[in-house]
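Below is one structure, written out as structure tokens; comments come after it.
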Amino acid sequence: MNKKLIFFDIDGTLLDHDKRVPESTLESIEQLKDNGHEVAIATGRAPYHFEEIREQLGIDSYVSLNGQYVVHQGKPIYGNPLPPEQLQQLTELAVRMDHPIIYAGSDAMKMNVTHHEHIDSSWGELKLTIPEYDPEYYLGRDIFQAIVFCTEEEEEAYRSSFGGRLDLVRWGPYGTDVLPAGGSKAEGIRQFIQALGMDVADTIAFGDYLNDLEMLSYVGHGVAMGNAPDVVKRAARHVTKDVGEDGIRHGLQMLGLLDPKPQVMA
């Protein structure tokens, strides 16, 4: 079998509903590496929000911030920051609408409010530390992703103002990622495989949510988790079991990348 490059989303894919990596996933990724395949992470998270997961899985290659910051074996190979002028306009609109905003750089993340209940609830679900307050953090540095906290109805004001100039991807009741136009995990993966000289036909990706749509459609074999919404399953070539039902191992077995688990005789 040709060497494959397999990308895994984190929340709802590598991490189960209790934000833990199932034992079957740990074993499966170790087997993939032993068999000569390359394993990477593709996530909306910033690099400093999944260091422990990388260490636990022994992975040092990743597509982070929804494709805007890409690293291969610990070395950055691609960055796609938000245009400063549009980021300034986004900030001004968020302030006018009284919506908090978080700015994500490659090495830190800050927010423009000291406290907000929508950030507390959203970050609490992800079990992440609340960013520090620094309303001017976005000035004079590369910001690869912004996060605006508003309802789906309120989001329309941003789409009307920035349609075609910025992309918005909702990930929760209040959280919406803001990316450069055309930015996505798929584009990050394209940059990754181009740097390695690999063929997209030899790529595989596992994901479960809206920011995985382009990725699952782009790679050679997109695999939607069983816990993914129907729109994500329709974008994928394959559908595996729920993350809590050994979905990663089952999906890799479906693709012939792992031997079926031997049955224990009674």
What are the pairs, 6+ residues apart or on separate chains, where a residue within segment 96-116 that is farther than 20 Å from residue 44 by Cβ and free of Cβ contacts under 8 Å to residues at least 60 places away in the same chain has its Cβ under 8 Å from a residue that is open to solvent by 30 Å² or more (accessible area, probe 1.4 Å) and not polar (S, T, N, Q)? 113/133; 113/135; 114/133
Those residues that are polar (S, T, N, Q) and farther than 19 Å from residue 19 by Cβ, I need them from segment 119-166; list them, please. 145, 151, 160, 161
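This table checks each residue for (1) free of Cβ contacts under 8 Å to residues at least 12 places away in the same chain; (2) open to solvent by less than 10 Å² (accessible area, probe 1.4 Å); (3) of a type in the set (S, T, N, Q); (4) not in a loop (DSSP other than H, G, I, E, B).
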| position | (1), (2), (3), (4) |
| --- | --- |
| 13 | no, yes, yes, no |
| 29 | no, yes, no, yes |
| 32 | no, yes, no, yes |
| 41 | no, yes, no, yes |
| 48 | no, no, no, yes |
| 53 | no, no, no, yes |
| 56 | no, no, yes, yes |
| 66 | no, yes, yes, yes |
Can you tell me which residues in segment 238-260 are in contact with a helix residue (DSSP H, G or I) (Cβ under 8 Å, 6 or more places away or on another chain) and either small (Gly, Ala, Ser) or exposed (fewer than 15 other Cβ atoms within 10 Å of the Cβ) (or both)? 259, 260
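Limited to segment 211-247, what total is found for residues that are more than 19 Å from residue 183 (Cβ to Cβ) and hydrophobic (A, V, I, L, M, F, W, C)?
Taking segment 211-247 first, the residues more than 19 Å from residue 183 (Cβ to Cβ) are 220-221, 223-231, 233-234, 236-247.
Restricting the remaining residues to those that are hydrophobic (A, V, I, L, M, F, W, C) gives 223-225, 228, 231, 236, 239, 243.
The number of residues fulfilling the criteria is 8.
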Test: residue 167 is without any contact (Cβ under 8 Å) to a residue 24 or more places away in the chain and in contact with a Leu (Cβ under 7 Å, 6 or more places away or on another chain): yes
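The values are calculated or read from the model by the stated rules, or taken from the named source; none is laboratory data. All values reported here derive from a predicted model rather than from experimental measurement. Because the Cβ atoms are built from the backbone with ideal geometry, glycine has one as well, and the counts that use them run over all protein chains shown. All accessible areas refer to the heavy atoms of the entire protein, side chains included, with ligands and DNA or RNA removed. Shrake-Rupley method; radii C 1.70, N 1.55, O 1.52, S 1.80 Å.
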